[in-house]
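K.L.:
One structure follows; several queries about it will come next.
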Amino acid sequence: MIRRAWAMVGAMLLAACAQAPVEAPVAATPDTEAPIKILRPEGLGPFPAVVLLHDCSGLGPRSSGAPGRWSKELLSRGYVVAIPDSFSTRGFPGGVCTDPSPSRADVGPFRRVRDAYAALERLRAEPGVLGDRIGVMGGSHGGSTVLATIALLASDRPPLADRKRHGFAAAIALYPACAIGSPPFTREYHPAAPLLILAGGLDDWTPAAPCVRLASAAAGKAEIKVYPDAHHSFDSKAPVRYLESRNNANAPGGKGATTGGNAEAWKDSIQQVDAFFAKHLKRP
């Protein structure tokens, strides 16, 4: 009986290990210095995949933790996940949420587009990944990067234009800054892939109203859902709080923003992400 009990425990442990996500070595691709972490679900695939773009807090000790929360959800649904680190090797290991230096523009959303496509190419080189079924997703600074990544712009040179047209199959931006671009995306926006935006109605950092206008300007190629009672970073368990030190272009004096989780918005956002990516990335 004792041997049988230990055998059962051993089998349970082996099963748990077999279902644990597998992390590939962190490495940078030849065309970018941003390290890229690859996480794989259990099994051989083939799998769809998602490039997950971090917010302004980065991936260091001060990270909001959003990439970890969302990668867990995506892995459990059978996606390979790539997480490029746009900040650490460029002099911003603590993120840029409160960094006062003008040099933070060096890692702005449009500069991070190359990281998104480097991660896309890295995923396409991974065994067992469906190269034509890769999405991109991010929140806040990462959400703005998503908008820039899939935007078809007249100023795009042929290599980047080709990458965009034959790149991501779907995109999700959580509480992004939508009034970016030249002209602003709120006036004219041409996404290279189906886009879903999830925003908070009480967001004073990246307000929802410009995102509603962006979705309208996308001529039916973008969807948006606004959670009326949610603040910025609603996809967390953190209490709602206001910090004066945060860089905020939408605040008087350019400083101060409110963040905090909203349980109902977090739960629904998981369902929205699941349904949207399943529709565009998974095989029928």
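K.L.:
Helix 141-150 against the longest principal axis of the chain: what's the angle in degrees, Cα atoms only, rounded to the nearest 10?
P.N.:
80 degrees
K.L.:
Amide H to amide H, which residues 5 or more places from Ile172 or on other chains are under 5 Å from it, using H placed in the peptide plane?
P.N.:
Here the answer is Val136, Met137, Gly138, Leu196, since their amide H atoms fall under 5 Å of that of Ile172.
K.L.:
Taking only pairs that are 8 or more places apart or on different chains, how many Lys pairs in the stretch 176-284 have Cα atoms under 17 angstrom apart?
P.N.:
4
K.L.:
Using only the alpha-carbon atoms, how far is helix 66-76 inclined from the longest principal axis of the chain? Give it as 0 to 90 degrees, nearest 10.
P.N.:
Helix 66-76 and the main axis of the chain meet at about 40 degrees.
K.L.:
Helix 263-281 against the longest principal axis of the chain: what's the angle in degrees, Cα atoms only, rounded to the nearest 10?
P.N.:
80 degrees
K.L.:
Can I ask one more? Out of residues 5 or more away from Val129 or on other chains, whose amide H comes under 5 Å of its own, with H placed 1.01 Å from N in the peptide plane?
P.N.:
Amide H to amide H, under 5 Å and 5 or more residues apart or across chains, Val129 pairs with Phe47.
K.L.:
Across the stretch 85-99, in residue order, what do the Karplus-derived ³J(HN,Hα) couplings come to in whole Hz, using 6.51 cos²θ - 1.76 cosθ + 1.60 with θ = phi - 60° and x for Gly and Pro?
P.N.:
Listing the rounded values in order: 9, 7, 10, 4, 8, 10, x, 10, x, x, x, 10, 4, 10, 5 Hz.
K.L.:
Could I ask something else about it? Which order results if His166, His190, His231 are arranged by neighbouring Cβ count within 10 Å, fewest first?
P.N.:
His166, His190, His231
K.L.:
Further, regarding this structure: Where is the GNM fluctuation largest for the chain (alpha-carbon springs, 10 angstrom cutoff): Ala154, Ala218, Ala208?
P.N.:
Of Ala154, Ala218, Ala208, the most mobile in the Gaussian network model is Ala154.
K.L.:
Follow-up question, since we're still on this one. To the nearest Å, what is the center-to-center distance of the stretch 108-164 and the stretch 243-284, using C-alpha atoms only?
P.N.:
19 Å
K.L.:
Turning to a different aspect of this structure: Could you give me the ³J(HN,Hα) list for the stretch 215-230, computed from phi with Karplus coefficients 6.51, -1.76, 1.60 and θ = phi - 60°, whole Hz, x at Gly and Pro?
P.N.:
4, 5, 6, 8, 6, x, 9, 9, 10, 9, 10, 10, 8, x, 9, 9
None of the figures in this text is laboratory data; all of them are computed from the coordinates on show. As the structure is a computational prediction, the values presented were derived from the model and not from experiment. Note that each Cβ is placed from the backbone with ideal geometry, even for glycine, and that neighbours are counted across all protein chains shown.
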